[in-house]
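Below is one structure, written out as structure tokens; the observations come after it.
The values are calculated or read from the model by the stated rules, or taken from the named source; none is laboratory data. What you see is a predicted model, and the numbers here were worked out from it, not measured in a lab. Glycine also receives a Cβ, built like all others from the backbone with ideal geometry; neighbour counts cover every protein chain displayed. All accessible areas refer to the heavy atoms of the entire protein, side chains included, with ligands and DNA or RNA removed. Shrake-Rupley method; radii C 1.70, N 1.55, O 1.52, S 1.80 Å.
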Amino acid sequence: MSSARSTRTVRSAGSAGSAGPAAGAVTLRRLAWAGVEVAAGDVRVVIDALKNPADLAGFQGMPRRPLPSIEAAPGVRTHAFVTHLHPDHCDRRLLAGIAAGEGCTVGCHTPIAGVLAEMGVEAVPQEMGERRQIGPFTTIPVPSHDWRGDDQVAWIVEGPGLRIIHFGDTIWHGKWWEIARDYGPFDVAFLPIAGVMARREGITPTNQPATLTPEQAVEAAVVLEASTACAIHYDLFNNPPYYTEQHDVRGRFLRAARARGIHGIAPGDGEAVPFAAAAA
């Protein structure tokens, strides 16, 4: 793995020095929608966590089922990261509460820090490729692409014996190979699979998906040399004609993964994500 993209490391308050008591077995859990939790000891990193879906009703509709709990266990410090500012990935009320917690932080890529501050969320900004140490974890923002051109990143999280990457709700793009070369391989790649067809006022409609399709997600995992591809960002919202998920996305993802020799998984909301550490 190369870290040539940045030699600067941001160290979080309360996590200076070695991993200390926060070190231990790393666990992964899929939260609701695009949310993911990476935890070890008394530190956890959550990415694109969602708790308050009311702001989504007009475009994505309301969730089809209750969201799983994302509350931290007593004594566990939460460090929340967002891939971009869309409200299904940037729950401002949840983030404000986390940012106010003792020993907890919110992290983002630098271009959106000012907007988060206007929302009442003070965040720790990182430049693209910049490394930030949080207890036993290191976080790194890398390129990703939004369907309507809004600023978006993917997040790499490295921990003891583990390297994962989370791609928010990216579309297909040309940075996969660069990311694989500079940071791969990955133990788990979290990839959106809904292939959403979106219609919004003021945006000329097209027949191109606004997120990865199941088959594209598998191809991205191939390029990234991911030991496991985990499906995210599907099945919870469907609000035609504004936000329409493609058909049978879970089944298509698992079949495409088998056909390409990829270990594809699609755990449910709140369920553990199994993995076998293989990244060097």
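Values for this structure:
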quantity	calculated
Residues located in the range 54-85, provided they are part of a loop (DSSP other than H, G, I, E, B), within 25 Å of P141 (Cβ to Cβ) and open to solvent by 20 Å² or more (accessible area, probe 1.4 Å)	A72, V76, L85
Filtered residues of the range 135-175 (kept if among the aromatic types (F, W, Y) and either out of contact with any Asp or Glu (no Cβ under 7 Å at 6 or more places or on another chain) or open to solvent by 40 Å² or more (accessible area, probe 1.4 Å) (or both))	W147, W155, F167, W172
Count - residues of the range 90-102 that are surrounded by 21 or more Cβ atoms within 10 Å (Cβ to Cβ) and in a loop (DSSP other than H, G, I, E, B)	2
Failed condition for I171, given (1) under 19 Å from A32 (Cβ atoms); (2) in a loop (DSSP other than H, G, I, E, B); (3) aliphatic (A, V, I, L, M)	(1)
Residue selected from the range 103-134 under the condition of a type in the set (S, T, N, Q) and open to solvent by 20 Å² or more (accessible area, probe 1.4 Å), by the criterion farthest from V45 (Cα to Cα)	T110
Tally, over the range 221-243, of residues that are surrounded by fewer than 22 Cβ atoms within 10 Å (Cβ to Cβ) and either at positive phi or among the charged types (D, E, K, R) (or both)	2
